[in-house]
Amino acid sequence: MALLKLNTAKSGIVFSEELKQSALAANALLHSGKGAGNDFLGWVNLPSSIDKAQIDAINACAASLRSKADVVICIGIGGSYLGAKAVLDAMSNPFELLHAKHENPVVLFAGQNISEDYTAELLAAVKEHSIATIVISKSGTTTEPAIAFRIIKEEIEKRYGKEEAKSRIVAITDQARGALKTLATQEGYQTFVIPDNVGGRFSVLTPVGLLPLAVGGVDIEALVAGAQAMEAATAEGVAFDDNLAAQYAATRFELYKAGKKIEILGSYEPKLQNINEWWKQLYGESEGKENKGIFPASVTFTADLHSMGQYIQEGERTLFETIISVEKPAHEVKVEADEANLDGLNFLAGKRLHEINKMAELGVQLAHIDGGVPNLLIQIPAIEEKAIGALLYFFEKACGISGYLIEVNPFNQPGVEAYKKNMFALLDKPGYEEESKAIKARL
Ligand code: PA5
């Protein structure tokens, strides 16, 4: 089976020639570099630029961290966190923590919040375990990861001494700029570079995502191979009818114009829940500006049918739904027959859970369409590295096209500065004296 299929038949959108041409023109802009935000297009040809030497260097660093630590703490936020978390969760057995022996180190995350309880409980949990850290910040100055790194660095240096700490700390940051780069050079940490022309939310296929994933036992070569296949399949010159990213972007664009302002991404596999979170950042930060953009929301079914299902079926008709459907599970579990049949479920005896899950998927799709919720279906053959790599690049490419279709710069995020300014003013950061006075007068 193909690594990814897209079915837009139940979206109600018919692709006009004009729409096809607009989507292809937006795709061409990404390749020509003549559109808005063109200094952040390094992700477009990124997969095909990754060579064996880069993969080997990342795997070698991962092997070193794996040999030293039971727990590797990845520090980062936003685009410096969500991609690794998403793919790691997709590729991991969530119950491995209960296994007596772990095949892979446990990868934990920090710096994606400033919660004192989270930080304290994390430190307490790793007390009896050997640790190492990967600190990730493109700017090297983001407050949340910088605070977490101060604390984790101190813990590592206290435990292992300054010299040994150097081999337990890896920094992923800008080639030349930023406080983290300065510190890494000063301390002699191994570093990996986030290319200048790749923005945070498009960086999952750089060392930002690849190193934590390699530490967690993910086959990053296969992940990149999947992304490379999708890069080729969505390249400039690929006809609209073959270009799934252009089709997805075009469908969303038409639905948006028709008043469908909210897209819900969902799946029937809990392991994909954090793919939703990564996708929400990708689309939310890329499209949500100038008072425009589809609001990205997410669900995991069937769980959320018992919470959000009511709204989706009968609430405001401003929604459409995109479902990631997995063709083949990795395991087999069947419903057994039961002599008493008190729950009345003997009609399911002998059936695999996957078959029941698929019928739920089909039944929900039809119910939601009947309820006025257009439906897009993305099918992947299995939750495995190649398909996930293809899915990541598919979403990235469609996101770039979508941004150009609604005529925004999909590669900046001016809106995220507002909270930072207020927070620094409230915390009396030097240089924010005027803002401090002004904001405190408002309290
Ligand atoms: O997409 C983005 O650019 C942001 O989400 C950043 O990734 C996030 O703010 C973290 O930034 P940095 O890597 O500079 O610490």
*What per residue convex hull volume, in Å³, comes out for the stretch 131-224 when only alpha-carbon positions are used?*
94
*According to the Kirkwood expression over distinct Cα-Cα pairs, how big is the hydrodynamic radius of the chain, in Å?*
23.3
*Compute the separation of the alpha-carbon centres of the stretch 123-160 and the stretch 322-345 and state it in Å as a whole number.*
42
*Two decimals is fine: what is log10 I(q)/I(0) at q = 0.09, 0.20, 0.21 Å⁻¹ for the stretch 299-443, from a Debye sum with one equal scatterer on every Cα and no solvent?*
-0.56, -1.23, -1.27
_Under Karplus coefficients 6.51, -1.76 and 1.60, residue-wise ³J(HN,Hα) of the stretch 111-120 in Hz, glycine/proline x_ = x, 9, 7, 10, 6, 5, 5, 4, 5, 5
*So how far, in whole Å, is the C-alpha centre of the stretch 389-443 from the one of the stretch 169-219?*
21
*Where does each of 118-127, 405-414 land if you order them by average Cβ count within 10 Å, highest first?*
405-414, 118-127
*Nearest-20 debye value, the chain charge dipole, Cβ charges on Lys, Arg, Asp, Glu*: 900
_Considering only protein heavy atoms and a probe of 1.4 Å, how much of the accessible area of the chain is carbon and sulfur, as a whole percent?_
54
*Efficiency of FRET from Cβ geometry, A258 and S130, R₀ 41 Å, rounded to 0.05*: 0.15
*Go through 229-235, 27-33, 14-20 and give me the packing order, highest mean Cβ count within 10 Å leading.*
229-235, 27-33, 14-20
*In whole angstrom, how far apart do the alpha carbon centroids of the stretch 63-96 and the stretch 233-256 sit?*
32
*Can you work out the FRET efficiency for the pair E17 and I369, with r the C-beta to C-beta distance and R0 = 35 Å, to the nearest 0.05?*
0.85
*asked:* Per residue, how much accessible surface does the chain expose to a 1.4 Å probe? Answer in Å², no decimals.
replied: 46
*Mean shadow area of the stretch 1-137 over all directions, Cα convex hull, nm²*: 13.7
_Suppose R0 equals 22 Å. What FRET efficiency, 1/(1 + (r/R0)^6) with r the Cβ-Cβ distance, do D70 and I151 give to the nearest 0.05?_
0.70
*Cα gyration tensor of the stretch 197-311, axes a ≥ b ≥ c as square roots of the eigenvalues: rounded (a/c below 1.5), prolate (a/b > b/c) or oblate?*
oblate
*Among 90-100, 364-374, 330-340, how do they line up from the highest to the lowest mean number of other beta-carbon atoms within 10 Å?*
364-374, 90-100, 330-340
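The values are calculated or read from the model by the stated rules, or taken from the named source; none is laboratory data. Please read these numbers as outputs of a predicted model, since none were measured by experiment. Because the Cβ atoms are built from the backbone with ideal geometry, glycine has one as well, and the counts that use them run over all protein chains shown. Just the protein is used for accessible areas: all its heavy atoms, side chains included, with ligands, DNA and RNA removed. Shrake-Rupley method; radii C 1.70, N 1.55, O 1.52, S 1.80 Å.
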